[in-house]
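Here's the structure we're looking at; comments come further down.
The values are calculated or read from the model by the stated rules, or taken from the named source; none is laboratory data. Note that the coordinates shown come from a computational prediction; the quantities given were computed from them, not determined experimentally. Note that each Cβ is placed from the backbone with ideal geometry, even for glycine, and that neighbours are counted across all protein chains shown. The area values use the complete protein model at the heavy-atom level, side chains included, leaving out ligands, DNA and RNA. Shrake-Rupley method; radii C 1.70, N 1.55, O 1.52, S 1.80 Å.
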Amino acid sequence: MNSQQSFRSIVANLATPARQCLRRRFHSATPLRARPSPKHKSVKAEDMGLVTARGNQPTTVAPESRRPPLVDAESLANPETLKPYSEEDKRRLRKIYTPEQIASIEAGEEAIDPDDLADQAVMRDDSMGLEYFDDLSKIHPVIDKPVRAPEENYDPNMRFKTEDEMLDDYVELFRNSSESEEISKLDWQKFKDTQRVTVGKEEAELNPRSYVAPELPVIESLAKGIETEDIDLATRRLMRQTGYALREITSFRTKILVQHRVINQERIGKVQREYCLCVAGNGKGLLGIGEGKSVEPQNAQKMARLAAIRNLVPIPRYESRTIFGFVKGKVCGTEVELFSRTPGFGVRCSQYIYEMCRCAGLSDMAARVYRSRNPMNTIKATMQALLSQQIPEDVARARGKKLVDVRKVYYAGSV
C-alpha cells in the first residue's frame with residue numbers, strides 16, 4: 001500500500017506543470033489584458049456578396065453595386081418622401097448585409113423621427129445659440145479663424161531695402177524741409193512711422209498675408225500688479241542670466257527644505273548666519289536646487305530661491321509621471337535608490353524627496369535612503385540620481401538598434 005501511494009505521488013508531481021519564472025517587466029505600466037472575444041460572429045466577404053469566386057481567385061464586386069441609393073439628399077427635407085424599403089431594395093441589401101444587420105438598420109431608421117430630419121437646419125434662438133449663421137458670412141474672432149489679409153497683398157518680389165536706398169529716404173527728407181527751419185520732433189516721428197523698409201507692394205508690408213496665428217491679448221487686470229520698476233536688482237540679474245520673464249519666475253514652485261543656523265569662528269569672533277536649501281520646479285520636468293546663506297533669514301531664503309531657479313535642469317520622465325527604471329545616487333555617506341512604479345502608485349518616500357517630486361512633476365515613484373540620512377546630502381543624492389537616468393532611446397542608439405514604444409505607436413498611449 002505504501003509503495004502504491006508513493007508511486008501515485010511521483011506520477012502526480014510529474015503531471016503538474018512547471019511553475020513559470022517571474023521576470024521583471026521593462027515597462028512600469030500594468031500589463032495589457034487579453035483580447036476579449038468578439039461580441040458578434042465574423043462574416044466572410046463571400047457571404048456578404050462583396051467577393052465573387054472565379055475559380056480559385058476571388059473578384060471584388062464593383063463599388064456602384066455595393067450599396068443601393070436609398071434616399072436622395074433633397075428628399076431629407078420632405079418627410080413624405082421617406083418610404084419603406086421595397087422588395088427590390090431588400091433584395092439588393094441582402095447581397096451586402098446579413099439578416100441581423102438588415103434588422104438593425106430597419107430598427108435604427110424606425111427610431112428616427114422624420115420630423116427631426118426636416119427641422120434639423122433651423123437656427124437656434126436660445127441662450128446657447130451662436131451669434132452668426134452657419135454659412136460663416138460673419139466671422140467671430142474667438143470661435144472662428146482670425147480675419148486675414150487678402151491674397152492680393154502677397155508680393156513674391158518683395159525685398160528689403162539696401163543701405164543706399166535707406167540713405168536716399170533720409171536725403172529726400174532733408175531736401176523737402178526748409179534750410180532755415182530745423183526738423184521738429186513731430187516730423188521725425190511721422191517720418192519713422194511712414195518710412196518703408198521693403199521694396200514692392202505697399203500692402204504687402206503694411207498688411208501682409210500671413211498664416212501665423214495672432215498673439216494672445218494682454219489682460220490688463222492681470223498685468224496691473226507687474227511693474228518693471230518694482231523688480232529688485234537680484235531678480236533683474238536672474239532674468240538676464242536665465243532669459244525667463246517675470247511671470248515665469250513667479251509661476252515656479254519653490255519650497256524651503258532645510259533651514260538652520262550656522263556659526264563660523266572668524267577674526268572678529270563667532271559670526272552667526274542663517275543657511276537655507278531650496279528646491280524649485282515648474283511641475284513639467286524642470287528641477288533645481290539652490291543654497292543661500294546670510295545674516296538675515298529672509299535674505300537667505302531669497303538667495304536660495306533665486307539660486308534654485310538659476311540651476312533649473314530638465315529631468316527625464318517616462319509618460320510624464322515616473323522615472324526610467326531603477327537609479328542610484330550617493331553623496332558622502334548618504335545613498336539613495338529610486339524606483340519607477342505603475343500608474344496610481346503615488347510618491348512613497350521621505351518628505352524631502354516627496355517635495356522634489358512635486359516640483360519636478362513626478363507622480364508615481366518610490367525611494368529608499370540608506371546609511372546616513374542627512375537632509376542636505378539626501379536632496380543632493382536624489383538630484384544626482386534623477387540626472388543619471390538612462391533613456392531607452394539613447395541606449396538603443398548606442399547599440400545600433402531601433403526602439404519602438406508599442407503602446408504609443410499602436411494604442412496612442414491609452415494603455
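Can you find a residue in the range 224-235 that is touching a Leu at 6+ places or on another chain (Cβ under 8 Å), open to solvent by less than 80 Å² (accessible area, probe 1.4 Å) and at pLDDT below 90? Taking every residue of the range 224-235 in turn, at least one turns out to be touching a Leu at 6+ places or on another chain (Cβ under 8 Å), open to solvent by less than 80 Å² (accessible area, probe 1.4 Å) and at pLDDT below 90.
Among the residues of the range 355-379, those that are free of Cβ contacts under 8 Å to residues at least 40 places away in the same chain and crowded, with 16+ Cβ neighbours inside 10 Å comprise Cys357, Ala366, Ala367, Val369.
Being of a type in the set (D, E, K, R) and either open to solvent by less than 20 Å² (accessible area, probe 1.4 Å) or not in a strand (DSSP E or B) (or both) is a condition met by no residue of the range 326-340.
Pairs meeting the criteria (first residue in the range 392-415 and at pLDDT 60 or above, second residue among the basic types (Lys, Arg), beta carbons under 9 Å, at least 6 apart or on different chains) are Val395/Lys401; Ala396/Lys402; Leu403/Arg397.
From the list Glu291, Glu248, the one residue that fits, being at pLDDT below 95 and either open to solvent by 20 Å² or more (accessible area, probe 1.4 Å) or part of a strand (DSSP E or B) (or both), is Glu248.
Rundown of residues vs (1) at pLDDT 75 or above; (2) more than 19 Å from Val43 (Cα to Cα); (3) of a type outside the set (Lys, Arg); (4) assigned to a helix (DSSP H, G or I), yes/no style:
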residue: Glu80; (1), (2), (3), (4): no, yes, yes, yes
residue: Asp89; (1), (2), (3), (4): yes, yes, yes, yes
residue: Arg92; (1), (2), (3), (4): yes, no, no, yes
residue: Glu110; (1), (2), (3), (4): yes, yes, yes, yes
residue: Met123; (1), (2), (3), (4): no, yes, yes, no
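Cβ separations smaller than 9 Å between residues 6+ apart or across chains give the following pairs from the range 150-168 residues that are part of a helix (DSSP H, G or I) to residues that are surrounded by 13 or more Cβ atoms within 10 Å (Cβ to Cβ) and hydrophobic (A, V, I, L, M, F, W, C): Asn153/Ala204; Glu165/Val199.
Anything in the range 380-405 that is aliphatic (A, V, I, L, M), assigned to a helix (DSSP H, G or I) and either touching a Cys at 6+ places or on another chain (Cβ under 6 Å) or open to solvent by 70 Å² or more (accessible area, probe 1.4 Å) (or both)? List them, or say none. Talk me through it step by step, then tell me what you get.
Let us first name the residues in the range 380-405 that are aliphatic (A, V, I, L, M), namely 381, 383, 385-387, 391, 395-396, 398, 403-404.
Keeping just the survivors that are assigned to a helix (DSSP H, G or I) gives 381, 383, 385-387, 395-396, 398.
Leu387, Ala398, listed by residue number.
Looking only at residues of the range 251-270 that are among the β-branched types (Val, Ile, Thr) and without any contact (Cβ under 8 Å) to a residue 12 or more places away in the chain, we find that the one that is surrounded by the fewest Cβ atoms within 10 Å (Cβ to Cβ) is Ile268.
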